[in-house]
Amino acid sequence: MLGNLAVQALSGLASAASLFLVAAGLTVIFGVTRIVNFAHGSFYMLGAYLGWTLATNLPRGHVPFWGGVVLAAVIVGLVGVVVELLLLRRIYKAPELFQLLATFGVVLVVQDAALWIWGPQDLLGPRAPGLRGAVYIFDSRFPLYDLVLIGIGIAVFLLLWLLFQRTRFGILVRAATADREMVGALGVNQRLLFTGVFFLGSALAGLAGALQVPRESVNLQMDLAIIAEAFVVVVVGGLGSLPGAALAALLLGQMQAFGILVFPQITLVLVFLVMAAVLVVRPYGLLGRAPAGHAASLHIVEPPIAPLSPRGRLVAAVALGLAMLAPLVLADYALVVMTEICVAILFAATLHFIMGPGGMASFGHAAYFGIGAYGAALLVKHLAAPMELSLLAAPFAAGIAGLAFGWFCVRLSGVYAAMLTMAFAQIAWSTAFQWVAFTGGDNGILGVWPPAWAVPKPVQAWGALVLCLGGAFLLRRMIFAPFGAALRAQRDSVLRAEAIGIDTMRTRWFAFAIAAAFAGLAGGLFAFTKGSVFPTYMNISRSTDGLLMVLLGGVQTVTGPIIGAIAYTGLHEQLLRLTDLWRAVLGAIIIALVLFFPRGLAGLGAKQ
Amino acid sequence: MLRVTELHAHYGRAHILQGVSLHVRPGEIHVLLGRNGAGKSTTMKAVMGLVPPTSGGVEFLGQPIAGLEPFEVARRGLGYVPEERRVFAELSVAENLEVGRRRPREGLAPWTVERVCAVFPSLAAMLKRPGGRMSGGEQQMLTIGRTLMGNPCLVLLDEPSEGLAPVIVDRMAEAVRALRDEGMSILLSEQNWHFARRVGDTASIIEKGAIVWHGTMQALLADDEVRARYLTV
C-alpha cells in the first residue's frame, strides 16, 4: 500500500518533470514576447521525432544517447529561431489572436512535415542505455529512467533559476517580462533578446520531447496533447512565471497520478476543472501578476459597424434567392457541401458575435457546437426522441452550458479568458471522450438519422439554409438592437459603459450564452446531416476552424463571418480533394494571411 | 547637442505635438515647462522614438535620430527617465541598475554602481531590495541611476519631482545640479516652477503642443507676465 502510494507520487513527479520542461519554455517565451505560442507543442513533438531518429541511428552507449538528446534539443531550438525570425518577428505588434493563429499555422505545417518525414505509424525508440531496470520502493517497482527524469527536471529548474538570477541575459529577460518597452529605452536590442528567448524556450520543448522517447511511442498526436496540458500549467502557474510553472507542473503531475486511483473516469476533466477553479480565485494564476504597461487587448479599435447599404441588401437578397433555388438543380454532393457551409456560417456568426461586438476571445467555441450535437444525439439514442424535438433541445443544451461556462469566462479578459474558454471546451471534450457508457467515447454516437421526410439532400439543404441563415440574421439584428449597442459599448470601454448604467458583466454573459445557444443549433443540425456525433466535434481543431473563419472574414465587419465561413469551408473541401498535405497548405495559407492581410478578407474588400 | 525642429506627433487621431522646436546645449540644464497635458512627456517620448514622430527632425550630436528605434537612440547616448518611473518591480535595485548598464563611452568617466550610490547615497543600503518595495523618492533615484548606468551624454528627465515630498524634491534638485556640474547635459520637463527655477539654466514653455516661449532662466524669472500667462494654474 505504502509502496503503491510512493510509486504513484514518484510517477506524478516524473510527469511533472517533463511537463515542467515544456511549460517553462512556453512561459518564458510568453513573458518576454507576449506571444501565446501554439507551436510549442509542435517543437516538443519535433524533439521526440529527432530524438528517435538520433537514438536509432547513433551507436549504442551513454555518450551517443545523451548526446543525441542534447542535439535534438539544440536542433529544435534552432527551428524555433527560424520561426521567430521569419514569422513572429513581423507580427509582434499584431493583435494577440492573429499571433495565435499564425502559430497555429506553424502547428499544421509541422504536422504534415513530420508525417512526410517520419510516416503515420507510431515509433518506438530504444530504452536509455543502463536505465532499463526498475528500483523497488516498499516492494513496488518504479522505472529507473523515470527517476532520472525527475532528476533532470530538478536540474533544469536549478539551471534556469541560476540563468535568470545570475546572468545578464536572465536579468534582461525578467526585466523585459515586466516592461519590455522600458528595456528597449535603456538601449537593449529586443530583437536579440526575443530570438534568444525563443531559442531557449524551443530547445526546452525539444529536450522534453527527446526525453520522452525511451518512455513512450512517438506519434503525430503528441503536439496538441501536450500543448493543452502545457497551457494549463502555464496559466495555472501565472503567465510568464517560471516558479509558477514549476509549482503548477507539480500540482498537475500529482493530480494526474492520484486522480487515476480515485477518479479514473474523469482524470482529463479534473485537470481542466482545477484550472478553471484557480483562474476564478486567482485570475492571473498562482504566481502571476497583472501585466503592466501593455494591457492584453484582443481587438483593434475600428469604426462603428454600419448596416448594409441598399446595394449590399440587393446583393444579399439576390445571393439568398440563388441559394434557395440551388437545391433544385445541384447534385447531391454539392448539396452536402452547401449544407456544411450553412452550418459553418451559423457557427462562425456565433463566434463572431462574442468576438466582434463582444470583444471577448473564445478558444473553445466548439464546445457549444459539440454540446448541441451531443444533446440532440443523446436524446435520439437514449430516449428515441424525434428529430424535431432533438433539434429544439440542441440550442437549449448549448445555451445552458454557455450560461454555466460563460459565468466564469466573462470574468476574465484577454489571454486568460481565451485559455479558460479552451479549458471548458477540453472539459466538454474529455467528458464525451471518457464517459464511454453514456456518450460512446471515441466511437461516438451513430445512427442519428433524420425522419424519412428530411432524408433527401435538397430538403436538408433548405432546412439548413432557413435555420442557419435565419439564426445568423437574428444575431445580426441583435448587434444593431439596444442589447448589441450595450455589448459594443462595453467592448470599447468597460468603465464608460458602467458609468452610463450598463451591467457590463451581465451583458457579456448573456451574449456568451446566446452565441452558445446558436452554436448548439448549428451542432444539432450538423449531427443530423452527418448521422453521427464524435468527440472531435468539440476538439481544439474545430474551435480554431471557427476562429479561422471569423478572422478570415475580418472580426469587425458583420458580413465577415459569412464570407469567412464560405471561403474557409470551400478552401478546406478543395484542399482535401487536391492534396494529402492539405494541413501544410492550409497552415501556409493561414501564415500568409496573417502576414499580409491582418484585417481579413472582408477588411480587404472594405479598404478598396 | 540636441536640436528638435518642428516636431509633430499623434496619438491615434489626436494631434499632440504641433511643431515643437527646442535646443539643448552641452553641459546645460534645459527645462521644458508647461501645464498638465501640454505635451511635455510626448516631446520626450518622441525624441526617444517611443512615440513615432509624424514629421519634423531630431538631431543629436549632429546626427539625425528621428525614426530610429528607442534602443538605437539610447545607444547613441540619449538617456531617458520616464515620468512613471517604470522600475522593474520584481528585480532588485542592483538588477535594475544592471539592466541599464552599457559599455563605457569614450571620453566620459564610466558609471558604475558605486558611482550611482555616490550620487544617491540612500540606494547603497538597499541594493538587494526589490524595486517594487521602495518609496516613490527612492524609485525616482533608482530610475535616474538606472539611466546613468548607460553612460548617456544627455539625459531626458521627465518630471522628476512629481509626487515627491518637499524634502526629497530638495535632494533631487541637488542631485540634478551635481550631475550638471559633472558635465551632463539634461533636458528636464517640469510643471513644478519652484523646482524648475532652482535647477534650470535655460527654459522653453510648451502650450497645446507647441513652444510658445524660450530663453534663459534669468529672463523667465524677470518676466512675470509670461509666467502668469503660461504657468500659473
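The values are calculated or read from the model by the stated rules, or taken from the named source; none is laboratory data. This one's a predicted model, so the numbers in the text were calculated from it and none came from an experiment. Here the Cβ is made from the backbone with ideal geometry for all residues, glycine too, and neighbour counts use every protein chain on show. For the accessible areas, the whole protein counts, side chains as well, though only heavy atoms, and no ligand, DNA or RNA atoms are used. Shrake-Rupley method; radii C 1.70, N 1.55, O 1.52, S 1.80 Å.
Worth pointing out:
- Residue satisfying condition, being modelled with pLDDT under 90, in the same structural domain as A:G31 (by TED's automatic domain parsing) and surrounded by 19 or more Cβ atoms within 10 Å (Cβ to Cβ), within set A:I137, A:I171, A:I227: A:I227
- Reported count of residues in segment B:197-212, each being open to solvent by less than 10 Å² (accessible area, probe 1.4 Å), in contact with a helix residue (DSSP H, G or I) (Cβ under 8 Å, 6 or more places away or on another chain) and closer than 19 Å to B:G27 by Cα, is 2.
- Single condition B:S122 does not satisfy, out of (1) surrounded by fewer than 19 Cβ atoms within 10 Å (Cβ to Cβ); (2) within 16 Å of the chain's Cα centre (by Cα): (2)
- If you filter segment A:252-280 down to residues that are within 20 Å of the chain's Cα centre (by Cα) and open to solvent by less than 20 Å² (accessible area, probe 1.4 Å), you find that the one that is farthest from A:F408 (Cα to Cα) is A:L252.
- When residues of segment A:317-358 are limited to those that are crowded, with 21+ Cβ neighbours inside 10 Å and among the small types (G, A, S), the one farthest from A:V415 (Cα to Cα): A:A344
- Scan of segment B:83-105 for residues that are more than 7 Å from chain A (Cβ to nearest Cβ), in contact (Cβ under 8 Å) with a residue 24 or more places away in the chain and assigned to a loop (DSSP other than H, G, I, E, B), ordered by number: B:E83, B:R85, B:V87, B:R101, B:R103, B:P104, B:R105
- Residue within segment A:152-165 that is exposed (fewer than 15 other Cβ atoms within 10 Å of the Cβ), assigned to a helix (DSSP H, G or I), at pLDDT below 95 and within 10 Å of chain B (Cβ to nearest Cβ) present: yes
- Only listed residue being assigned to a helix (DSSP H, G or I), of a type in the set (A, V, I, L, M), more than 18 Å from A:V533 (Cα to Cα) and touching a Cys at 6+ places or on another chain (Cβ under 9 Å), chosen from A:A334, A:A404, A:A344, A:A417: A:A417
- Odd one out for B:G183, checked against (1) open to solvent by less than 40 Å² (accessible area, probe 1.4 Å); (2) over 13 Å from B:G34 (Cβ atoms); (3) in contact (Cβ under 8 Å) with a residue 40 or more places away in the chain: (1)
- In segment B:138-152, the condition of being assigned to a loop (DSSP other than H, G, I, E, B) and among the hydrophobic types (A, V, I, L, M, F, W, C) is met by at least one residue.
- Of the residues making up segment A:361-386, just one is open to solvent by 30 Å² or more (accessible area, probe 1.4 Å) and under 29 Å from A:L487 (Cβ atoms), namely A:I371.
- Residue within segment B:131-139 that is surrounded by 18 or more Cβ atoms within 10 Å (Cβ to Cβ), within 14 Å of another protein chain (Cβ to nearest Cβ), of a type outside the set (V, I, T) and in contact with a Leu (Cβ under 6 Å, 6 or more places away or on another chain) present: yes
- Checking B:V58 against (1) under 17 Å from the mean Cα position of the chain (by Cα); (2) surrounded by 22 or more Cβ atoms within 10 Å (Cβ to Cβ); (3) within 14 Å of chain A (Cβ to nearest Cβ), the condition it does not meet: (3)
- Criterion (among the aromatic types (F, W, Y), under 23 Å from the mean Cα position of the chain (by Cα) and in a loop (DSSP other than H, G, I, E, B)) met by exactly one of A:F38, A:F20: A:F38
- In segment B:151-176, the residues that are open to solvent by 10 Å² or more (accessible area, probe 1.4 Å) and within 14 Å of chain A (Cβ to nearest Cβ): B:C153
- Test: residue in segment A:56-68 that is assigned to a helix (DSSP H, G or I), open to solvent by less than 10 Å² (accessible area, probe 1.4 Å) and farther than 17 Å from A:V197 by Cα: yes
- Flag for B:L108 being within 20 Å of the chain's Cα centre (by Cα), surrounded by fewer than 19 Cβ atoms within 10 Å (Cβ to Cβ), touching a residue at least 24 places away in the same chain (Cβ under 8 Å) and away from chain A (no Cβ under 14 Å): yes
- Within segment A:141-151, the set of residues being in contact with a strand residue (DSSP E or B) (Cβ under 9 Å, 6 or more places away or on another chain), open to solvent by 20 Å² or more (accessible area, probe 1.4 Å) and not basic (K, R) comprises A:P143, A:L144, A:L147.
- Qualifying position, being open to solvent by less than 10 Å² (accessible area, probe 1.4 Å), touching a residue at least 40 places away in the same chain (Cβ under 8 Å) and under 18 Å from A:I226 (Cβ atoms), among A:L21, A:L46: A:L21
- Whichever residue in segment A:69-94 is part of a loop (DSSP other than H, G, I, E, B) and open to solvent by less than 40 Å² (accessible area, probe 1.4 Å) and, among such residues, is nearest to A:V213 (Cα to Cα): A:L87
- Members of segment A:114-129 that are open to solvent by 60 Å² or more (accessible area, probe 1.4 Å) and either in a helix (DSSP H, G or I) or over 29 Å from A:A245 (Cβ atoms) (or both): A:W116, A:I117, A:P120, A:Q121, A:L124
- Complete set of residues in segment B:1-42 that are among the basic types (K, R) and either in contact (Cβ under 8 Å) with a residue 24 or more places away in the chain or within 13 Å of B:A210 (Cβ to Cβ) (or both): B:R3, B:R25, B:R35, B:K40
- Looking across A:A203, A:A295, one residue alone is of a type in the set (G, A, S) and either at pLDDT below 90 or open to solvent by 60 Å² or more (accessible area, probe 1.4 Å) (or both). It is A:A295.
- Helices (runs of 4 or more DSSP H) within segment A:166-283 that include 3 or more residues more than 14 Å from chain B (Cβ to nearest Cβ) and touching a Phe, Trp or Tyr at 6+ places or on another chain (Cβ under 9 Å): A:190-212, A:222-237, A:242-262, A:267-281
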